[in-house]
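Single-structure report; data block below.
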Amino acid sequence: MDRLTALIAGFVVAVLCLAAGIWYYFGFEFLLRLILGLTYLGLFLLFVMFFGILIYAKSFKYALISLAGLLTSGYAVYQCYVWNNPIHVGYITALYVLALIAGVWWISEPDLSFSERIRSASSLEGSGNYRAAARKYEKAGQYEKAAENYLKAGMEESAAWCYEKADQYEKCAEIYERLAETKKDSYYLKEAYEFWKKAGNLERAGKCLEKYAEEEPWYWEDVAKLWEEVKNKEKAREAWKMALEYYKKEAEEEGVFWEDVANICKKLGMEEESRKAWENFLNYALKEAEQDDAWWKHVAEAYEKLGIDEKAKEAMKRYEEYRKRITSAE
């Protein structure tokens, strides 16, 4: 048992012992009055605070509700003290319990009106209230019916979410493709790609990711790999070229990307360009190794790719020495 659990357990035991002592010396009725009195006193103070805040905020509608709570809880505190009409405390307690139940019920469907709450989903659907019907179907776990009604209500993203819950990934993807077109937002293309992939339709997934990469070019490598997966060599090659173009621009600003340039050039059969990229990466790695010995591993890799085996061994030896120092320090 940890310290916090022990403290909580100790507090609970202390409260129970105190309650038992009060019951023993003063009787159950006094204990009940004390518990109810303290509870309603807390509620009274809470309602006083809420009432003041709401009046200040000029929210008079909710201020009236707080005032009702303030008056009832205040009267309950008074009755707990005088105890000449204890039945009134019972009435107020019952009222608060009912209010709590009603509040929980209301919060469970906050965007539905009272009439919508008491009607069935099929009834709402039949009357053309598709939004409310969709909410009802969704709450009941009938996600396909919910999605259909969301679509009728023009709430496509909610429909997509429900189709996802129903494992209808193709329909999700279709909705997101449509949203990408209507809203001119590439984010939806990424979502469509994910769902086409889940649905097993890699061709459609590739087309969506390709469109997405036109705006977010760091995804061209993923596009290329996806086209390779579906054995579309021509599209894969075009995507690799686009990825190469992107990484070249990045490498001009951050030398670490020369490694990616080198690997893509090799994949495209551009051996001379690949070698030049490895040379650039080597120069970058050597500079980094001056500051961080962990980079000797990358230096060794670059030398190895360039066929300079002796230098590669020396660099790897320095990296291994660095690893030994790190291990011994731990």
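The values are calculated or read from the model by the stated rules, or taken from the named source; none is laboratory data. For clarity, every value in this text was computed on a predicted model and none was experimentally measured. As a convention, Cβ positions derive from the backbone with ideal geometry for all residues, glycine included, and neighbour counts pool all protein chains shown.
The table below gives the values:
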{"item": "Selection within the range 184-202 - assigned to a helix (DSSP H, G or I) and either touching a residue at least 60 places away in the same chain (Cβ under 8 Å) or closer than 19 Å to Glu215 by Cα (or both)", "result": "Tyr187, Tyr188, Leu189, Lys190, Glu191, Ala192, Tyr193, Glu194"}
{"item": "Qualifying residue in the range 86-103 (condition: surrounded by 14 or more Cβ atoms within 10 Å (Cβ to Cβ) and within 30 Å of Ala134 (Cα to Cα))", "result": "yes"}
{"item": "Helices (runs of 4 or more DSSP H) contained entirely in the range 217-330, each with at least 3 residues that are closer than 27 Å to Tyr193 by Cβ", "result": "220-229, 233-253, 258-267"}
{"item": "Verdict on Tyr246 being buried (at least 19 other Cβ atoms within 10 Å of the Cβ) and touching a Gly at 6+ places or on another chain (Cβ under 8 Å)", "result": "no"}
{"item": "Residue in the range 30-49 that is assigned to a helix (DSSP H, G or I), among the hydroxyl-bearing types (Ser, Thr, Tyr) and surrounded by 14 or more Cβ atoms within 10 Å (Cβ to Cβ) present", "result": "yes"}
{"item": "Candidates Ala262, Ala239, filtered to the one that is at pLDDT 95 or above, in the same structural domain as Ala205 (by TED's automatic domain parsing) and not aromatic (Phe, Trp, Tyr)", "result": "Ala239"}
{"item": "Unique match (being acidic (Asp, Glu) and buried (at least 16 other Cβ atoms within 10 Å of the Cβ)) among Glu234, Glu259", "result": "Glu259"}
{"item": "Listing of helices (runs of 4 or more DSSP H) fully contained in the range 76-165 that carry 3 or more residues being without any contact (Cβ under 8 Å) to a residue 40 or more places away in the chain and within 26 Å of Trp196 (Cα to Cα)", "result": "130-139, 143-152, 156-165"}
{"item": "Candidates Ile22, Ile53, Ile65 - the one that is under 19 Å from Leu100 (Cα atoms), β-branched (Val, Ile, Thr) and in a helix (DSSP H, G or I)", "result": "Ile65"}
{"item": "Tally of residues being under 30 Å from the mean Cα position of the chain (by Cα) and either within 30 Å of Phe30 (Cβ to Cβ) or of a type in the set (D, E, K, R) (or both) across the range 101-131", "result": "6"}
